[in-house]
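Visitor: Next up is a structure, given as structure tokens.
The values are calculated or read from the model by the stated rules, or taken from the named source; none is laboratory data. In this text the structure is predicted, and so the values were computed from the model without any measurement. Ideal geometry is used to build each Cβ from the backbone, glycine not excepted, and the neighbour counts take in all protein chains shown. Accessible surface areas use protein heavy atoms only, side chains included; no ligands, DNA or RNA. Shrake-Rupley method; radii C 1.70, N 1.55, O 1.52, S 1.80 Å.
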2 protein chains.
Amino acid sequence: MLNFSISEENYIKTIFHLQQEEKNVTTNGLAAVLQTKPASITDMMKKLKQKKLVHYQPYRGFRLTNEGKKIALSIIRRHRLWEYFLSEKLKFSWDEVHAVAEDLEHVSNKKLVDKLDEFLGFPRFDPHGDPIPDSQGRILKNQQIPLSEMPLNKSAVVCNVSDQSSSMLELMDHNNIAIGTRVEVKKKFDFDHSLEIKLRQQNPFIISDMLAKKIFVKYGA
Amino acid sequence: MLNFSISEENYIKTIFHLQQEEKNVTTNGLAAVLQTKPASITDMMKKLKQKKLVHYQPYRGFRLTNEGKKIALSIIRRHRLWEYFLSEKLKFSWDEVHAVAEDLEHVSNKKLVDKLDEFLGFPRFDPHGDPIPDSQGRILKNQQIPLSEMPLNKSAVVCNVSDQSSSMLELMDHNNIAIGTRVEVKKKFDFDHSLEIKLRQQNPFIISDMLAKKIFVKYGA
DNA sequence: AAATAAGTTTAGGCAAATCTAAATTATGAA
DNA sequence: TTCATAATTTAGATTTGCCTAAACTTATTT
């Protein structure tokens, strides 16, 4: 596997995430996420197409090739292993790890990454609950469901948050919800789809549908 | 302290090391070490002068300003902390850590570096025996002497190796000499200044003057 | 089906970091 | 002191990644 620039890696990684949602990734869509201009996207797509990392026809959007996906997974592996390290070993709070890992993920020495994995005890989920690809790029699927889809009175644990904006994190923090928090849905309101939830040792309180859709939980654990 | 490009950081760090030896660093000298062309050095010196990181007059060589030295020390701090981490925690062999740390050192997040320092227990020497600057840029001086200058029959510990070429490392490895190895000089030969040395549980053997000048030891420890 | 709006690409430029080749400055030997 | 050589700088290109503005394609609306 060849070496890629930081810029190329950021494009590849972001396309990977975007194409989980939509069939094809669009120029404007990617530009918005990468905080850059559509023209820059087109330039890079030409380059990545030439390197056979994306399928791309002008005006038709793009997707990663299998080779592109492999590379994306190796970048995501690095990112999430560093997040785990920062959280578990350096005691960063879980909302700080992402930004720091954005830099560390571009150090692409394979031996470093594999030894880090070993040092951490081969964790398969990062502090946000996202799966960490193994050295072959394989990921375990954990069947997470959004809080909004939970049945009433069944206990589960928060394992993933699909929005890492600071406004989101602020709200989570204010409500004392974090990765690992045990939660139960007590009631659902038809009017605005808001939910009443209960955390351990706390009185129930109400959260919006919008928030509940972004908090993912897993039974057990 | 502002942010610098990877390229700028490599120039600053290398000038710092070179100016320990010589009064002024030269264009050709720096070009040789950085594996680049003299013209590139001149370009960068103009930029670093403008940023007040080097004293530079055309044709007269250059040195770091105090500000430049501060930045150099922070880069060296990162480099050596990562070396320590790689060696101590990830079990890299001591001749592998340098190359990997070359990449990690450019992640300049201050909180990351300070937390890493804390996680490692605030070590003050890296696996090569070089001092690690603290968060204020202060370094402990350890009085190392080259093996070639040791008195006879006095025991000391290898703590530094001033040449990290693979040919050097190969020779060290072949002779079972590593950082931390306890060593004693048994005899010095006037003819070619070669030395007979003895390691723990081994028969004495002879090494060249050239090698002995590059291996540094410290008493005690 | 044509017109318009939205999305995308092209063309041309800029800054960083590098290069080669030519010009300039310094140095030390005769 | 002058001159040849070595060291350094300048001038002009190149590559990467980004930009703006203009041109073009696609999709939508009437």
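Visitor: Go through (1) more than 16 Å from DNA strand C (Cβ to nearest atom); (2) closer than 20 Å to A:Asp114 by Cβ for B:Glu102 and report which single condition fails.
Guide: All conditions are met except number (1).
Visitor: Go through (1) in a helix (DSSP H, G or I); (2) of a type in the set (Ser, Thr, Tyr); (3) open to solvent by 80 Å² or more (accessible area, probe 1.4 Å) one by one and return the number of the condition A:Ser74 breaks.
Guide: (3)
Visitor: To continue, here is another question. So A:Leu152 ticks every box in (1) loosely packed, with under 13 Cβ neighbours inside 10 Å; (2) aliphatic (A, V, I, L, M); (3) in contact with a Pro (Cβ under 7 Å, 6 or more places away or on another chain) but one. Which box is left unticked?
Guide: (3)
Visitor: Let me ask another. Being of a type in the set (D, E, K, R) and under 15 Å from the mean Cα position of the chain (by Cα) is the filter here; which residues of the stretch A:136-156 pass it?
Guide: Narrowing the stretch A:136-156 to residues of a type in the set (D, E, K, R): A:138, A:141, A:149, A:154.
Result: A:Lys141, single match.
Visitor: Under 8 Å by Cβ, and 6 or more places apart or on different chains, what pairs join a residue from the stretch B:40-68 that is in the same structural domain as B:Asn24 (by TED's automatic domain parsing) with one that is within 7 Å of DNA strand D (Cβ to nearest atom) and of a type in the set (D, E, K, R)?
Guide: B:Tyr56/B:Lys46
Visitor: Could I ask something else about it? Among the listed residues B:Glu102, B:Glu83, identify the single one that is away from DNA strand D (no atom under 16 Å from the Cβ), buried (at least 19 other Cβ atoms within 10 Å of the Cβ) and without any contact (Cβ under 8 Å) to a residue 60 or more places away in the chain.
Guide: The conditions single out B:Glu83.
Visitor: Give B:Asp95, B:Asp117 a once-over and let me know the one that is farther than 28 Å from A:His98 by Cα, in contact with a helix residue (DSSP H, G or I) (Cβ under 7 Å, 6 or more places away or on another chain), crowded, with 19+ Cβ neighbours inside 10 Å and not β-branched (Val, Ile, Thr).
Guide: Of B:Asp95, B:Asp117, the one residue that is farther than 28 Å from A:His98 by Cα, in contact with a helix residue (DSSP H, G or I) (Cβ under 7 Å, 6 or more places away or on another chain), crowded, with 19+ Cβ neighbours inside 10 Å and not β-branched (Val, Ile, Thr) is B:Asp95.
Visitor: Let me ask something else about it. Looking only at the stretch B:44-71, count every residue that is among the hydrophobic types (A, V, I, L, M, F, W, C), within 16 Å of DNA strand C (Cβ to nearest atom) and outside any helix (DSSP H, G or I) and tell me the total.
Guide: Result for the stretch B:44-71: 3.
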